[in-house]
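**Q** Structure below; questions to follow.
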Amino acid sequence: MDYNKLVRECLREIPAAQRQLYDHFAETMLGVCYRYTRSMDDAEDVLQDGFVKIFRNLHQYKSEGELGAWIRRIMVTTALNFLKKNSRYNHEFSFDNENLHPIADDNPEVKIIGKELADLIRQLPIGYQTIFNLHAVEGFSHVEIGKMLGINEGTSRSQYARARALLITWLKKNDEMSHKNYRANYHDKR
Amino acid sequence: MPENEFEKKVSSEMQQLKFKPSEKVWLRVEERIRKKKKRRVFIIIFLLAGLALLGYWQRNNLFGEKKNEIIKTEQQKENNTKTSEQANTSATIKQNTETTKQEEINTTNDKTVNDKLTDDRSVIDKKDIAVSKNKIDKPKDKIKDEIKVKPASQKIKAEDEPVVSIDVVSPNSQKKNAANEIKNKDTLDVKTNPETIVKQDEVKQPEVKPLDNKIDSAKAEVIEQEKIVTEKTDTLLKTEPTKELSTSIVKKDSSSKKWKWGLHLTPGISSLNDNISFGGLKSADAFNYQSSVGSGTGATAPRQRPSDVKPGFAFQAGVFAQRHLSPRTSLSLGLQYGFYSQRLGIGNSRDSLLDNSLLSNVADADGHIYNAGGDTIRYTNRYHFIELPLRFQWELNKSKTKPFVWSTGFTVGQLIASNAIMYDTAFNGIYYKNKSLLNKTQFSLSTGFSWTIANGKRAQWSLGPVANIHLNRLIDSPFENKRYLFFAGIRTSILFNKKK
């Protein structure tokens, strides 16, 4: 797909081009929004706000960069704003200054399956969830995260370590549960 | 960057995470993109209207200045013509007076001239003062009419309009005439007599001869006085009218550009809209804004629709100061209190939710929580604002007493109090208070018409419709679809005239 041509047509406000751009990125971006929120409703709200921003600011997109990354960045920023403003999230969206929390398990042996992992991430407290997404998935450094959220780098590291530890525990439990279920099913069948 | 394998695995799994969004999302995105355009067009129209008015005012101002210049030039021309005419007339007067003097001298007996001179001088002095006053107060055209020089042969008439008349009269009749003329101060009737000579200027006051002076000396004085009268008349025509008129024009302009102050009261109705159209909020719009997959808490129970918001009573009241920019345009600045409200039907109270961690930190401590949907409670959202309106007025007709005015303006407002409740999809749809979601500083555009109903000496009373549309959102919640405040009302204002 020729993104530059698509962007030019969107800038000329051709409805078909706008729809094409939306269709091309909507599913992936809903996946991004889903990880930052706690319900599909909220995720779709973020997606909607994000695409409105994208179409309004498309003139700022420089063709040198990758369009997907630019859209993703806008979507993440929109999600963070949503968390800050929304009444169901903003009271949880506060970070206390904490000391560095060491990462306990560097290479845990756990099964990671996309949807399952996403649902576990969404069960984390909002602060943990956000920092985990920003660092582990989007690849932002703790310095960048600190600037984005207005917190110390150390706080970001600490929150991330806690989130990671919690997630690994849950993944391990899930593994055990699935093993038990598998064994139970196996014995039943026999 | 991810520290190790775990992060890499997570990242790769999450990058591939995809969900198909519902069709409503695109519809809403498309709708919002188009709406922004509409709002932009509306703002551009207002700006263009403002610019057009500014241009018109500027053009009017320039034209006004040219007009004044033209008037002044015309005045000068007229004065010059008048002066030359006057010079001719005074020459004729001299001749006539010379002739009549000789006739009178012959008929005059040995009566003393000085007594009469003194009497007549005092009378004419008074008249002279009256003439000066009259000229200052009257416009140029009247002065032109008034300063007429009658030929010497013409008889004096008591009912004549102000006239500079140099005529020959007998001492007795002159006394009578002089007395009549003092009574009528508007008349300008200067008479000369061979025996009783008019003194026109105190600086050039002629010397009064002693009693034993004979006719010869009186004759000589008559000639001298005639010269003075002629000079004075010329001077009056040459200089005074122009100066006085130009002063009066300047005075008129400066008085019309002074600040006047007034009061206004504007009762009306207000509503919340998502565009410039006026009307109640349709519940379906706000409901469709959120897809109905589940509630905000993840539950699958059907969500309650937000209630229809109906327009409520509103009013603005305050003071303003107004100043004319040109004869037909004016600017006003004010300070006002604005009250706006909307009515909505809501369900039963759910105050137990205040203890819920999701809402306890958000909803106002003294607030209540209500179920969305239903019509158990009639709730009124009230907003109290302090506003600073700036209005530009343009008189559409040419009537000075009862102008028909179109006004447009910009207002900055600060929300000082509100009891507004907002919709949220949480708990299957609730209403609750959250002041942090209200945009406290509001900017709005206004437009309206007004007719002057009564225009008295002390005040001017106007009446007409006005409308305000707010440019920024009043409610900054993702669940509230229609968030722009709209106000329409009938403005009644009193503008006080300054005491002169």
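**Q** From the list A:ARG73, A:ARG8, which residue is surrounded by fewer than 20 Cβ atoms within 10 Å (Cβ to Cβ), within 13 Å of the chain's Cα centre (by Cα), more than 8 Å from chain B (Cβ to nearest Cβ) and at pLDDT 85 or above?
**A** Working: A:ARG8 fails: within 13 Å of the chain's Cα centre (by Cα).
None of the other options fit; the residue is A:ARG73.
**Q** Right, here's the next one. Just checking, which of B:ASN397, B:ASN468, B:ASN439 is closer than 29 Å to A:LEU83 by Cβ and touching a strand residue (DSSP E or B) at 6+ places or on another chain (Cβ under 9 Å)? Steps first, answer last, please.
**A** Details: B:ASN397 fails: closer than 29 Å to A:LEU83 by Cβ; B:ASN468 fails: closer than 29 Å to A:LEU83 by Cβ.
None of the other options fit; the residue is B:ASN439.
**Q** Checking A:PHE55 against (1) under 24 Å from B:ASN428 (Cα atoms); (2) modelled with pLDDT of 90 or more; (3) at the interface with chain B (Cβ under 10 Å from one of its Cβ atoms), only one condition comes out false. Which one?
**A** With respect to (1) under 24 Å from B:ASN428 (Cα atoms); (2) modelled with pLDDT of 90 or more; (3) at the interface with chain B (Cβ under 10 Å from one of its Cβ atoms), A:PHE55 is out only on (1).
**Q** Let me ask another. I'd like to verify a number: residues in the range B:312-343 that are among the charged types (D, E, K, R), buried (at least 17 other Cβ atoms within 10 Å of the Cβ) and assigned to a strand (DSSP E or B), how many?
**A** 1
**Q** Oh, and also: Can you name every residue in the range B:368-404 that is of a type in the set (Asp, Glu) and closer than 30 Å to B:TYR432 by Cβ?
**A** Of all residues in the range B:368-404, those of a type in the set (Asp, Glu) come to B:375, B:387, B:395.
Within the range B:368-404, B:ASP375, B:GLU387 qualify.
**Q** Can you find even one residue in the range B:22-37 that is away from every other protein chain (no Cβ under 11 Å) and at pLDDT below 70?
**A** We begin by selecting, within the range B:22-37, every residue away from every other protein chain (no Cβ under 11 Å); these are none.
No; the residues of the range B:22-37 include none that is away from every other protein chain (no Cβ under 11 Å) and at pLDDT below 70.
The values are calculated or read from the model by the stated rules, or taken from the named source; none is laboratory data. Because the structure is a prediction, the values reported are computed rather than measured. Neighbour counts are summed over all protein chains in view; Cβ atoms, including those assigned to glycine, are modelled from backbone coordinates with ideal geometry.
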